[in-house]
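The values are calculated or read from the model by the stated rules, or taken from the named source; none is laboratory data. Every value quoted in this text rests on a predicted model; they were computed, and no experiment measured them. Positions of Cβ are generated from backbone atoms using ideal geometry, with glycine treated the same way; all protein chains shown enter the neighbour counts.
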Amino acid sequence: MMETFGASISDVRNVATGNSNDGTVEMEGFKQRVDEIISKVDKLEQKVHDVENFYSSVNKKQSNILKGNSTTKDKEKHVPSIKKQQQDALKRMQDLMRQFGTILRQITQHKWAWPFMQPVDVEGLGLHDYYEVIDKPMDFSTIKNQMEAKDGTGYKHIREICADVRLVFKNAMKYNDEKSDVHVMAKTLLAKFEEKWLQLLPKVTEEETRREEEEAEAQLALQVAQEAAQAKMARDLSNELYEVDVILEELREMVLKRCRKMSTEEKRKLGDGLTRLSPDDLSKALEIVAQSNPSFQATAEEVDLDMDAQSESTLWRLKYFVKEALEVQGKNSGSMGGNENQNNNKRKREFCDAIAKTKKKTKKTT
């Protein structure tokens, strides 16, 4: 599609320049409009590039995101909003925390829980080797404070609390002799805790599985939203490109109607230029003739091109195609290291290539 627009732009600009002897001011106006359209097409091309990059990245991730039997549309219908998911997940987690809090109260209200309620008084009890034995001290007051923390430093998951509760008792069992009262008390309370935790564990596991599924669905919902946005951008781009194509066609027709007659000498030079074209460029030039003359056999083995039988618009299009093609041929043959010049003329060559193609109108996307 961009090649077709390029052909139209090049056509308008070149023919306008060719008509500079008659109505210079009007032709400058045409060229200014064409330059504005070229600028707009450049921006549209960048948007197209962005859309292509998006879908390229989507294709790489799609196999991981869209696993399962449901289609994207089916999943889209059943995925709730991310905000509602978060609210529901928060309520379920709060309920689990309340149930876990009940377990903690039962443990901490036990008659043997008192040694574990506050941090160990290492200095007061003269436990000089305590920090050599215990890597991470823990107690129930510390657990409570972290559960109630509002600054984001608190527990992120109920399993973290469970791990610290175990640590309270395991530290006591590790530091104190097996026959000591503290060791026996810690071992007894740990067993009671594990028994109650096993009753809550199925609900915790169910919630973890559910959250994983919802996170996957949320990721899918985000993907669907991104694809919808990109699809809309693609439709808008198609419509904008259609509008540009219409404007270019109008400009092209206006300019071609104002073409001055080509002189006999100019026709002779044009014919001479055609003979110096490369085989590929000559084929493209003949296709330009075929566009305005359907009966002309551009692909025949022998072609008889009567310059006087061609319309003025065809002659001017041929003139500027031949001019640009010969310029490129000269630069390519003049220097093997002319990469910079080739890059500078890349767009011109694309325009010339597109000129030779039968112009196909793009359809406006609805």
In the set VAL204, VAL244, which member is in a helix (DSSP H, G or I), more than 35 Å from the chain's Cα centre (by Cα) and of a type in the set (Val, Ile, Thr)?
VAL204
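Every residue, every condition in (1) under 48 Å from the mean Cα position of the chain (by Cα); (2) at pLDDT below 80, yes or no:
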residue: GLY273; (1), (2): yes, no
residue: LEU277; (1), (2): yes, no
residue: PRO294; (1), (2): yes, yes
residue: GLN297; (1), (2): yes, yes
residue: GLU302; (1), (2): no, yes
residue: TRP316; (1), (2): yes, no
residue: GLY330; (1), (2): yes, no
Is there any pair linking a residue in region 115-133 that is closer than 17 Å to MET173 by Cβ to one that is of a type in the set (Lys, Arg), with Cβ under 8 Å and at least six apart or on different chains, and which?
VAL133/LYS174
Spot the failing condition for ARG92; the list is (1) modelled with pLDDT of 95 or more; (2) touching a helix residue (DSSP H, G or I) at 6+ places or on another chain (Cβ under 7 Å), and only one is missed.
(1)
Within region 229-239, tally of residues that are among the small types (Gly, Ala, Ser) and more than 12 Å from the chain's Cα centre (by Cα)
2
Only one residue in THR209, THR188 is touching a residue at least 12 places away in the same chain (Cβ under 8 Å), over 29 Å from the mean Cα position of the chain (by Cα), assigned to a helix (DSSP H, G or I) and surrounded by fewer than 15 Cβ atoms within 10 Å (Cβ to Cβ). Which one?
THR188
Could you tell me whether region 120-141 includes any residue that is of a type in the set (Gly, Ala, Ser), at pLDDT below 85 and outside any helix (DSSP H, G or I)?
no
